[in-house]
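Peer 1: Let me give you the structure first, and then I'll get to my questions.
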Amino acid sequence: MPPPRRSPRRLRTNACTESQGDVSPDGETLAFLSDCGGPQSLWLMGLEDGAERLLVRHRRRTVLGNPGWNRDGRRIVFSSNVRIGHQIYLWAEGVPEVQRLSPLTRGGCSPRFSPDGRKVV
C-alpha cells in the first residue's frame, strides 16, 4: 500500500501464486511466498528495483506460511510443513541453513518476533 493519497501499484505480474508479503523494517525489501519455479518458497524482492532472491525452498508439496522480519531486518521467521505438520523456522542473514525453532511435538503457524526482537512468539 502506498502513502496516503497515492494509488497502489502492482509489484509483480506473472502466472505464479504469490502471497503473505511482509515489508522489511527499512521499507526496502519484501519477503513473500511464491511457487515460481517449483514448490511454494520464501523469496525476497527489492521494492525499488524489483530484484528477487530465493531464500528457502523445501521439497515438493511443501506449504510455507507467514514470513515475518525481526527489527533489524537480518532474520525472518516462517512456518513450513516440510517434515511433520507446521513447524516454525528461522532464516538468518549469513547462516547457510534455516533452523527449526519449534520442537516436533509443538508446531505452529504465524510466527512473529516479540517487540524487543529477542523471542519468536
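Peer 1: Among residues belonging to region 95-111 that are of a type in the set (S, T, N, Q) and within 15 Å of the chain's Cα centre (by Cα), point out the one that is least open to solvent (accessible area, probe 1.4 Å).
Peer 2: Ser110
Peer 1: Can you tell me which residues in region 112-121 are closer than 17 Å to Gln20 by Cβ and open to solvent by 50 Å² or more (accessible area, probe 1.4 Å)?
Peer 2: Within region 112-121, Arg112, Val120 qualify.
Peer 1: Here's something else I'd like to know. Quick one: is Gly38 farther than 21 Å from Ile84 by Cα and more than 15 Å from the chain's Cα centre (by Cα)?
Peer 2: Taking the combined requirement at face value, the residue does not satisfy it.
Peer 1: Sticking with this structure for a sec: Filter region 1-53 for residues that are of a type in the set (Val, Ile, Thr) and touching a Leu at 6+ places or on another chain (Cβ under 9 Å); which is modelled with the lowest pLDDT?
Peer 2: Selected residue: Thr17.
Peer 1: Just to verify a result, which residue in region 35-55, among those that are under 19 Å from Val77 (Cα atoms) and touching a Cys at 6+ places or on another chain (Cβ under 8 Å), is surrounded by the most Cβ atoms within 10 Å (Cβ to Cβ)?
Peer 2: Per the stated criteria, the residue is Trp43.
Peer 1: Can you pull out the residues in region 17-51 that are assigned to a loop (DSSP other than H, G, I, E, B), within 18 Å of Pro67 (Cα to Cα) and touching an Asp or Glu at 6+ places or on another chain (Cβ under 8 Å)?
Peer 2: Hits for region 17-51 are Thr17, Pro25, Glu28, Asp35, Cys36, Leu47.
Peer 1: Same structure, new question: Only one of Asp72, Asp22 is surrounded by 15 or more Cβ atoms within 10 Å (Cβ to Cβ) and of a type in the set (Asp, Glu). Can you tell me which?
Peer 2: Asp22
Peer 1: If you don't mind, there's one more thing I want to ask. When only residues in region 83-94 that are out of contact with any Phe, Trp or Tyr (no Cβ under 6 Å at 6 or more places or on another chain) and assigned to a strand (DSSP E or B) count, which is surrounded by the fewest Cβ atoms within 10 Å (Cβ to Cβ)?
Peer 2: Going through the qualifying residues, I end up with Ala92.
Peer 1: Additional query: Quick check on this structure: which one of Ser7, Ser80, Ser19 is touching a Phe, Trp or Tyr at 6+ places or on another chain (Cβ under 8 Å) and either farther than 17 Å from Gln99 by Cα or of a type in the set (Lys, Arg) (or both)?
Peer 2: Ser19
The values are calculated or read from the model by the stated rules, or taken from the named source; none is laboratory data. Predicted, not measured: the structure shown is a model, and the values here were computed from it. Note: ideal-geometry Cβ built from the backbone for every residue, glycine included; neighbour counts use all protein chains shown. Accessible surface is based on the protein model in full, side chains and every heavy atom, while ligands, DNA and RNA are left aside. Shrake-Rupley method; radii C 1.70, N 1.55, O 1.52, S 1.80 Å.
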